[in-house]
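Pasting a structure here, questions to come.
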Amino acid sequence: MTDKQIVRFCAAFRNGIVGKGGPTACCFMVCWPLATLLRLYGVDVDLVEIDYLEDEPASGAANHVWLRLPDGRALDPTADQFNDGARRFPKVYLGDPVPGIHVVGRER
């Protein structure tokens, strides 16, 4: 699959899981079955779970799940849950790992 086909495939899959609602706290629920399906279609991905701290250290650790392609790029079908005034992610992000979302804390 080309990058464009992967993004389109992942967007359709994500819509089937979360519908019109936002993807907040849905990263594992979308990524885990999506990783299996992509592998069946010949797209090699690793399921990655990272720990990070939310804005308030007192709130404790949180996690985020995303997919890593063999070339190291992040494939994140729920990246838009991190949209704020400074960042605007598409529904499916495909690109270099983003500090604060894909490379924070420790990887599990």
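We did not get these values from a lab; they are worked out from the coordinates using the rules stated. What you see is a predicted model, and the numbers here were worked out from it, not measured in a lab. Don't worry about glycine lacking a Cβ; one is built from the backbone with ideal geometry, like all the others, and counts go over all protein chains shown.
Excluding VAL7 itself, calculate the net charge of residues whose Cβ lies under 12 Å from the Cβ of VAL7, where each Lys or Arg counts +1 and each Asp or Glu counts -1.
Charge balance in the 12 Å sphere: +3.
So, one more: Using the Cβ atoms and a cut-off under 9 Å, what net charge is assigned to the surroundings of LEU69, where Lys and Arg are +1 and Asp and Glu are -1?
Neighbourhood net charge equals -1.
Also, quick follow-up: Could you work out how far helix 3-18 tilts from the main Cα principal axis of the chain, as a 0 to 90 degree angle to the nearest 10?
70 degrees
For VAL18, what charge total do you get from the other residues with a beta carbon under 12 Å from its beta carbon, if Lys and Arg give +1 and Asp and Glu give -1?
Value of the local net charge: +2.
Could you tell me how far the Cα centroid of region 11-41 sits from the Cα centroid of region 61-106, in Å?
Cα centroid of region 61-106 versus Cα centroid of region 11-41: 14 Å apart.
What does the helix-only formula give at 222 nm for the chain: each DSSP H stretch with n ≥ 4 adding -39500 (n - 2.57), the total divided by the residues, and the result rounded to the nearest 500 deg cm²/dmol?
-9000 deg cm²/dmol
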